[in-house]
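The structure appears right after this line, and notes come after that.
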Amino acid sequence: MITVVGSYAVGMTMFTGRFPLSGETLIGKGYRAEFGGKGSNQAVAMARLGIEPYFVACVGEDHFGREALEMYRAEGVNAAGVRFCSGVSTGVGFIIVDRGGNNIITLDMGANECLSLEDVNAAGEVLDRSSSLVMQLEISPQIVLYSAKLARIKRIPVILNPAPYQELPEEIWSLVDIVVPNETEARLIVGRKPDDPIPVERLAEKILGLGVKTAVITLGEKGAYLATWDGERMLVPAFSVTAIDTTGAGDTFTAALAVALSENRALPEAVRFANAAAAITCTGRGVVPALPYRKQVEALVKQD
């Protein structure tokens, strides 16, 4: 079992020829509402890859929240740690996409802000049986820090996907066993600008210098670079696929990495498995509909 502490939100998307001006109403098309939230995406991905995730999150007492619980039952996610928060809406994001593929997004985290230390404590017995604790940054940094401390006490590895990036207390890095940022997030972690041309090798060294045991920096079509405190350094190449939509690839990568490591795979092999899972996600549209199943990932790994 893997414990995931994170977020759930519904993404509502509409397509227009251009963005509206202030006070203007435009006719859109292609509206869709999709399951989302990085924690939720990662939990569903884990279930499809063959391991039961225990998800700790908050949703509103509304239609979207009830739909989420139905989805978890269908996907095989243990949602006993998902709490309904009264008087607050489920997290939602409104997305407008223009003809050039550019988007503008407004996000209301809603019930995600209800997630509390008590919710984490309630998962204590499950955490005892978990191979790792996986978190992201769509929840309060205080919750992330507290959860990491609890996992350290229980001697459970912590895997942190620092997305979307936000400032964290410095003490958290020594509690993180594996951090999984993309290049932009990696730069921000070490205090660089998002477009700083610093080589990925130096980025990894600086992240390890913060106290993290292992850094796995995702590089898109280049693959992923891994660095460990005991000297392992390696670029693990990506799999070649025809990408349609890269949304959700990072969530899939983190989930697949956690699953592979729970099976006691060596880190390079686990990263390769995660690269394959992320690549398959890029060949579909949306996030949850594109999350791969175990057989698909194993088949791609064997083909390459």
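Summary of values
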read-out: Of all DSSP beta bridges in region 84-196, antiparallel share, percent nearest 5; value: 55 percent
read-out: Isolated Cys residues of the chain, judged by Cβ distance under 4.7 Å to other cysteines; value: 282
read-out: Correct choice for Cα Rg over 2.2 N^0.38 Å that was computed from the model, options (i) 0.91; (ii) 1.02; (iii) 0.97; value: (iii)
read-out: Choice from 186, 33, 279 showing the highest fluctuation, given a GNM over the chain with Cα pairs closer than 10 Å; value: 33
read-out: Share antiparallel - DSSP beta bridges, the chain, percent rounded to 5; value: 40 percent
read-out: Counting DSSP beta bridges with both ends in region 1-81, the antiparallel % (nearest 5); value: 50 percent
read-out: Highest-fluctuation residue, 262, 116, 22 considered, GNM on the chain with Cα pairs under 10 Å; value: 22
read-out: Taking region 203-256 and dividing mean pair separation by its residue count, relative contact order in percent (alpha carbons under 8 Å, at least six apart); value: 23 percent
read-out: Relative contact order, percent, the chain [alpha-carbon distance under 8 Å, six or more residues apart]; value: 16 percent
read-out: Segment residue 243-residue 265, length gained on full extension (0.36 nm per residue, minus Cα span); value: 5.2 nm
read-out: Stokes-Einstein D in µm²/s, Kirkwood radius over Cα pairs - region 101-198 at 25 °C with 0.890 mPa s viscosity; value: 166 µm²/s
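A short reminder: the numbers here are calculations on the coordinates, not readings from a lab. Keep in mind it's a predicted model, so treat the numbers as computed, not measured. Cβ: placed from backbone, ideal geometry, glycine included. Neighbour counts: every protein chain shown.
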